[in-house]
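The block underneath contains the structure these notes are about, expressed in structure tokens.
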Amino acid sequence: MNMIAEQPLIVSIFLGFVSLALLFGWLQTGNKAAGIAGLIFLLLIPAEWFVAANIVTDREQIETLIYETADAVENERYEDAYKVIGDPDAERRARIELPPYTFDIARVNSIRSIKVIEGMQPLEAEVDMTIKADISNRSGTINDFRVVRRLVLRLQKDPKGQNTTGQWKVIDYQNLPMTGGPDQFSTLPQ
């Protein structure tokens, strides 16, 4: 289901090849069943795009959450950023770490991976991503300093969320350098 919902182009290309092969077989042999099957596969292509546009997978929900939170941090709407944290200790750390800084830019460079861990109750996911921020501290000792870091999030799906599908919440995070292990600026789980 994830492939159908998240990769409509790849699925459409596959359906197109199957359809063309069946239609070519019908033209070569005159077999009606191949022709009908070819038309059915051809009609499945717009149906695939409709399904992909109307189904939101867990990974897509997480990706949207990440970009919305980055926007909230960039615009210094820290309370909106804290709302996505579902663990009191992680929220406490974020409330200590964010307010001393102003963010001119807070962007997601890339999402390296989003791994939804199946079989857990409640459902969990791990996100590995890189972020870029231009920061200044409120005391004025740091001005327009560019920071590029790796951020690893652990999320949990809250079944009591606002919608019927549940809501993803950050339950832990690590702020790390781009390569290697933790440094003096790293935030590690507690």
Counting only residues in region 90-100 that are touching a residue at least 40 places away in the same chain (Cβ under 8 Å) and of a type outside the set (A, V, I, L, M), the one least open to solvent (accessible area, probe 1.4 Å) is identified as Arg93
When you scan region 47-65, how many residues do you find that are polar (S, T, N, Q) and open to solvent by 80 Å² or more (accessible area, probe 1.4 Å)? 1
Can you find even one residue in region 66-77 that is assigned to a strand (DSSP E or B), in the same structural domain as Tyr173 (by the TED database) and surrounded by 12 or more Cβ atoms within 10 Å (Cβ to Cβ)? no
From the residues in region 112-137 that are in contact with a Ser or Thr (Cβ under 8 Å, 6 or more places away or on another chain) and within 18 Å of Val152 (Cα to Cα), which one is surrounded by the most Cβ atoms within 10 Å (Cβ to Cβ)? Val127
Checked region 1-33 for anything surrounded by 14 or more Cβ atoms within 10 Å (Cβ to Cβ), under 23 Å from the mean Cα position of the chain (by Cα) and in a helix (DSSP H, G or I); matches are Ile4, Ala5, Glu6, Pro8, Val11, Ser12
Got at least one residue in region 9-26 being among the aromatic types (Phe, Trp, Tyr), outside the structural domain of Ser113 (by the TED database) and touching a residue at least 40 places away in the same chain (Cβ under 8 Å)? no
Failed item in (1) within 17 Å of Ala5 (Cα to Cα); (2) open to solvent by 70 Å² or more (accessible area, probe 1.4 Å), with Ile36 passing the rest: (1)
Looking for something closer than 25 Å to Met178 by Cα and not basic (Lys, Arg) - is there at least one such residue anywhere in region 49-57? no
Which of the numbered conditions does Gly86 fail, given that it passes all the others? Conditions: (1) open to solvent by less than 70 Å² (accessible area, probe 1.4 Å); (2) over 26 Å from Glu118 (Cα atoms). (2)
For strands (runs of 3 or more DSSP E) lying entirely in region 81-190, having 1 or more residues that are of a type in the set (Phe, Trp, Tyr), assigned by the TED database to the domain that holds Ile66 and modelled with pLDDT of 85 or more picks out 101-117, 167-176
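The values are calculated or read from the model by the stated rules, or taken from the named source; none is laboratory data. All figures in this text were calculated on a predicted structure; none of them were measured in a lab. So basically every Cβ, Gly included, is an ideal-geometry build from the backbone, and we count neighbours across all protein chains shown. Ligands, DNA and RNA are stripped out before the accessible areas are found, and what is left, the full protein with its side chains, is counted by its heavy atoms. Shrake-Rupley method; radii C 1.70, N 1.55, O 1.52, S 1.80 Å.
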